[in-house]
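Here is the structure we will look at, set down as structure tokens.
The values are calculated or read from the model by the stated rules, or taken from the named source; none is laboratory data. Only a predicted model underlies this, so the values are computations on that prediction, with no experimental measurement involved. Heads up, the Cβs are rebuilt from the backbone with ideal geometry, glycines too, and the neighbour counts pull from every protein chain shown. Areas reflect the complete protein model, heavy atoms only, side chains present, ligands, DNA and RNA absent. Shrake-Rupley method; radii C 1.70, N 1.55, O 1.52, S 1.80 Å.
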Amino acid sequence: MNNKNLLFIMCDQQRYDCVGFSKIRPVKTPNIDKIAQNGVWFKNAYTPIPVCAPARQSIICGKRPEYFGGLWNFGITHPVCEVPVDGYIYPRHLKENGYNTAFCGKWNISASLPPGKYGFDISVSDGVIYNEINKKYADISISYPNGNFGDPCPIALEDSHTHVLAKKTNEIINNFSKQNKPWFVNMDFGEPHLPCRPSAPFDTMYKPEDIEKWGGFDDDFHVKPYMHKQQVINWNLENRTWEEWSRTVALYYGYVSQYDDAIGRILQNLEATGQLENTVIIYTCDHGDMCGSHRMIDKHYVMYEDLVHVPFIIRCDSLIKPQIFEGYVHNCLDVVPTILDLLDIEKPVNTNTLHGESLAPALISGEKWDRDYAVSSYNGQQFGLYSSRCIKIDGWKYVWNLSDIDELYDLTADPFELNSIIYDKSKSELIAQLRIKLYNELEKCRDPMISWTKDQLLKGRKI
């Protein structure tokens, strides 16, 4: 059995273009960049669903969320299905193969069951971390007047959630390192999810007046689904200027740099204890964040690159050479079979158990990666149920909106997705091909949405 350790770092609502290594926005992330420089940076990684809990649930079981009914977050609208504990769970699989296992941070896998039910020996929840912080600051009155748009946090950096989480994670890693067993630690940040409240010095690290406006900000929503413009109205954002948004974006940048600093604490500890070379490090997120792009906040109802294109890095010093991987990958699905291969653990016998494919042969041996597309889904939340599916392939993105007009973007000519050309008659054949390719992926994963509505895709029965 392989004795490599596994550190899985997950964050919440991290934009692809807001990692320094992407060289797109001027966000400083030296520690994440270090992981990328010594590992594999996936240039075309896409989330299977841009919603917090379902994305995390898809990782833990290796399946698309629609397959098991994980359609939206807990406690928002209707009850949601949870990952069956009697089905395949990869942390339990690692535990059965001799790994010590621990979960630290944001638990979005189940609303009723703790990490122990999913194969984790030890867990430190956000509740424990915030209780510790609140107890220390019990005598201090803290207010955040800007709500979801973000504020500086008066809590000292060392007492912030990001850095207490890093401290707790290092304590577990150090304890595990004393035992004669490999370990797996899942570190799950709640940052940079809104409201962005970075501590000093990160609260003033970026000046609003220096921040370039998002390329998609000036969207007029012409020939786009009704829900896009309605989403701006739902949040009372129709009159919010870029000057106002730039303050929020500055805090978002600062939050990203703050949790990058916390990740640096983990890397320093691994290096100091001689475990860095023998540890597989994975960094990714559930989805991105609109953060003012297309004048929207948070996520929901849209399939813009701001949300579905995500950072994804795998570092394994003794197995994989540093590289930039161009192929299309599903970060939350391909990661599980890849982990099993990197740790030399046998995959489940039933090939239908996992919906992703292992990247290990391509990364280690240079085998051809055949997938030329990525598919993401959305199932409605908060302001009503509204389902979408999208496919990205070769510079094109097609979005299937089941109860509204579809979208088609030429990402080469229109990288910020301002102009949907779904009614361009010269693209009819392309649209038909994309619809069939999308259908094939959804059918493979038993997506319930193709039952009554499949003729929209197979026969083009759309207005």
- Hey, K181 open to solvent by 60 Å² or more (accessible area, probe 1.4 Å), in contact (Cβ under 8 Å) with a residue 60 or more places away in the chain, more than 24 Å from the chain's Cα centre (by Cα) and farther than 16 Å from C291 by Cβ or not: yes
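For every residue, the table says whether it meets (1) farther than 16 Å from Y255 by Cβ; (2) touching an Asp or Glu at 6+ places or on another chain (Cβ under 6 Å).
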residue	(1), (2)
E277	yes, yes
H287	no, no
C291	no, no
I297	no, no
H300	yes, no
Y304	yes, yes
L307	yes, no
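Surrounded by 22 or more Cβ atoms within 10 Å (Cβ to Cβ) and among the hydroxyl-bearing types (S, T, Y): is that true of Y88 in this structure?
Values: surrounded by 22 or more Cβ atoms within 10 Å (Cβ to Cβ): no; among the hydroxyl-bearing types (S, T, Y): yes.
Spelling it out, it is not the case that Y88 is surrounded by 22 or more Cβ atoms within 10 Å (Cβ to Cβ) and among the hydroxyl-bearing types (S, T, Y).
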- Task: Of all residues in the range 233-277, count the ones that are open to solvent by less than 60 Å² (accessible area, probe 1.4 Å), among the aliphatic types (A, V, I, L, M) and without any contact (Cβ under 8 Å) to a residue 60 or more places away in the chain.
- Result: 3
- Note on the structure: Taking the range 221-252 and keeping only residues that are outside any loop (DSSP other than H, G, I, E, B), hydrophobic (A, V, I, L, M, F, W, C) and within 13 Å of D298 (Cα to Cα), one is left with V232, W245, V249
- For the range 168-186, indicate whether the set of residues that are of a type in the set (F, W, Y), at negative phi and in contact with a helix residue (DSSP H, G or I) (Cβ under 7 Å, 6 or more places away or on another chain) is non-empty. yes
- Task: From (1) surrounded by fewer than 22 Cβ atoms within 10 Å (Cβ to Cβ); (2) farther than 24 Å from N379 by Cα, pick out the condition that doesn't hold for V280.
- Result: (1)
- Considering N134, N174, which residue is modelled with pLDDT of 95 or more, among the polar types (S, T, N, Q) and either more than 28 Å from S293 (Cβ to Cβ) or out of contact with any Asp or Glu (no Cβ under 9 Å at 6 or more places or on another chain) (or both)? N174
- Which condition breaks for L194 when tested against (1) surrounded by fewer than 23 Cβ atoms within 10 Å (Cβ to Cβ); (2) among the hydrophobic types (A, V, I, L, M, F, W, C); (3) more than 22 Å from the chain's Cα centre (by Cα)? (3)
- Task: With the checklist (1) part of a helix (DSSP H, G or I); (2) open to solvent by 40 Å² or more (accessible area, probe 1.4 Å) in hand, flag the one item D218 doesn't pass.
- Result: (1)
- Task: Go through the range 106-157 and count every residue that is in a loop (DSSP other than H, G, I, E, B) and farther than 30 Å from C332 by Cβ.
- Result: 15
- Note on the structure: Scanning the range 124-158 residue by residue, those in contact with a helix residue (DSSP H, G or I) (Cβ under 7 Å, 6 or more places away or on another chain), touching a residue at least 40 places away in the same chain (Cβ under 8 Å) and over 23 Å from P208 (Cα atoms) turn out to be V124
- Flagged pairs (Cβ under 7 angstrom, 6 or more apart or on separate chains; first in the range 316-327, acidic (D, E); second part of a loop (DSSP other than H, G, I, E, B)) are D317/N38; D317/E277
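Does I32 satisfy being open to solvent by less than 10 Å² (accessible area, probe 1.4 Å) and closer than 27 Å to G292 by Cα? Give the derivation first.
Working: open to solvent by less than 10 Å² (accessible area, probe 1.4 Å): yes; closer than 27 Å to G292 by Cα: yes.
In short, yes.
Given the options P322, P311, name the one that is within 21 Å of D33 (Cα to Cα), open to solvent by less than 10 Å² (accessible area, probe 1.4 Å) and of a type outside the set (F, W, Y).
On the way: P322 fails: open to solvent by less than 10 Å² (accessible area, probe 1.4 Å).
The unique qualifying residue is P311.
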- Query: Quick one: which of Y99, Y46, Y144 is out of contact with any strand residue (DSSP E or B) (no Cβ under 7 Å at 6 or more places or on another chain) and of a type in the set (F, W, Y)?
  - Reply: Y144
- Would you be able to tell me the number of residues in the range 123-141 that are aliphatic (A, V, I, L, M) and open to solvent by less than 60 Å² (accessible area, probe 1.4 Å)? 3
- Message: Every residue in the range 421-454 that is more than 18 Å from Y373 (Cβ to Cβ), over 31 Å from the mean Cα position of the chain (by Cα) and not hydroxyl-bearing (S, T, Y), please.
- Response: D424, K425
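Scan the range 350-395 for residues that are among the aromatic types (F, W, Y) and at pLDDT 90 or above and jot them down. So that I can check it myself, show each step before the final result.
From the range 350-395, those among the aromatic types (F, W, Y) are 369, 373, 378, 383, 386; that's our starting set.
The answer is W369, Y373, Y378.
Give the range 382-403 a look and list any residue that's open to solvent by 10 Å² or more (accessible area, probe 1.4 Å), touching a strand residue (DSSP E or B) at 6+ places or on another chain (Cβ under 9 Å) and under 15 Å from I450 (Cβ atoms), or say none. Write out each step before concluding.
Here is the first cut: in the range 382-403, the residues open to solvent by 10 Å² or more (accessible area, probe 1.4 Å) are 382-387, 392-396, 402-403.
Now restrict to residues that are touching a strand residue (DSSP E or B) at 6+ places or on another chain (Cβ under 9 Å): 386-387, 392-393, 395-396, 402.
Across the range 382-403, the qualifying residues are S387, L402.
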